[in-house]
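One structure is given here, and the rest of the page talks about it.
The values are calculated or read from the model by the stated rules, or taken from the named source; none is laboratory data. It should be emphasised that the depicted structure is a prediction, and the values quoted were computed from it without experimental measurement. Cβ atoms come from the backbone with ideal geometry, glycine included; neighbour counts cover every protein chain shown. Calculation scope for accessible area: heavy atoms of the full protein, side chains included, ligands and nucleic acids excluded. Shrake-Rupley method; radii C 1.70, N 1.55, O 1.52, S 1.80 Å.
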Amino acid sequence: MSDLYAQLISVFIGFFAIMNPLANTAAFAALVGDKSKAEQVKIAAKALIITFFVILSFSLLGKAIFHLFGITIDALRITGGILVFIVGYHMLSGYGSKLHSAEGDDETDLAVSPLAVPLLAGPGTIATAMNYSASGGVAGILITVSVFAVLCLITFICFIFSAKILAVIGQSGLSIVTRLMGLILAVIGTQMFISGVAAFVSTMS
């Protein structure tokens, strides 16, 4: 049971760090701050529903994708670790990663782009979801999807109360949280990379 709790906490921290609800709340406020409350709720709900189903798809089809393209879990861990580390490094440096950036997108439907993709369901989030689900069997998929659903709910609440949250934590507080999440992400990415390399080396010996 303790292993289950440890895995739940690990998955939650990993997703929370890479999605960074507080930082994305600032992005959400900047994108839809001029819209009515009803429109903001609609956009937030649509964005997070799309995000959930994107991650659900990759969590369920992860192994099928591996077999189709001849990809190993170790390769995913190594590549995913590098992606997650890059996102974390940029956040730790105080800059938003281009992998999860809203810049350069001119889509009229903000819920789809840039909110759902790439802000919430970016390459780092997808790689993290596939790594957690593919390495844990059915239980890993259930834990990954369940934890991500909870995080989507938390993010939705943050989006709805974005103005009040940002007023409380301020720009300096947001910067501190972003850097802290970046440090956690960098460590998670490094651990994923080490696990992938160690597993690959062991198969060669």
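Evaluate the chain: find the radius of gyration of its Cα atoms, find its Kirkwood radius, and give the ratio Rg to Rh.
Values: Rg = 17.0 Å, Rh = 17.3 Å.
Rg divided by Rh gives 0.98.
Note on the chain: lysine pairs with Cα distance below 21 Å, sequence gap of 8 or more or different chains, count 5. Here the Karplus relation 6.51 cos²θ - 1.76 cosθ + 1.60, evaluated at θ = phi - 60°, turns the backbone of region 31-46 into coupling constants of 7, 10, x, 8, 9, 5, 4, 5, 5, 5, 4, 5, 5, 4, 4, 5 Hz, with x for every Gly and Pro.
Over the chain, dividing the summed -39,500 (n - 2.57) contributions of all DSSP H runs of at least 4 residues by the number of residues returns a 222 nm mean residue ellipticity of -27500 deg cm²/dmol. Taking all protein chains as they are arranged and a probe of 1.4 Å, the heavy atoms of Leu22 leave approximately 40 Å² accessible to solvent. Computed from backbone phi with θ = phi - 60° and the Karplus coefficients 6.51, -1.76 and 1.60, the 3J(HN,Hα) list for region 11-24 is 5, 4, 4, x, 5, 4, 5, 7, 7, 6, x, 5, 5, 6 Hz; x is used for glycine and proline.
The largest-to-smallest principal axis extents of the Cα set in region 1-86 are 47, 34, 27 Å.
Rolling a 1.4 Å probe over the protein chains gives Met19 an accessible area of about 0 Å².
Largest first, the extents of the alpha carbon coordinates of region 1-42 on the three principal axes equal 46, 18, 9 Å.
The accessible-area ordering, largest first, of the residues His90, His67 stands as His67, His90, per a 1.4 angstrom probe.
For the chain, a Gaussian network of Cα nodes joined below 10 Å ranks Ile78, Ile65, Ile165 by mean-square fluctuation, and the top entry is Ile65. For the chain, the dipole from Cβ point charges (+1 on Lys and Arg, -1 on Asp and Glu) about the Cα centre works out to 280 debye, to the nearest 20.
Rolling a 1.4 Å probe over the protein heavy atoms leaves Lys164 with an accessible area of roughly 140 Å².
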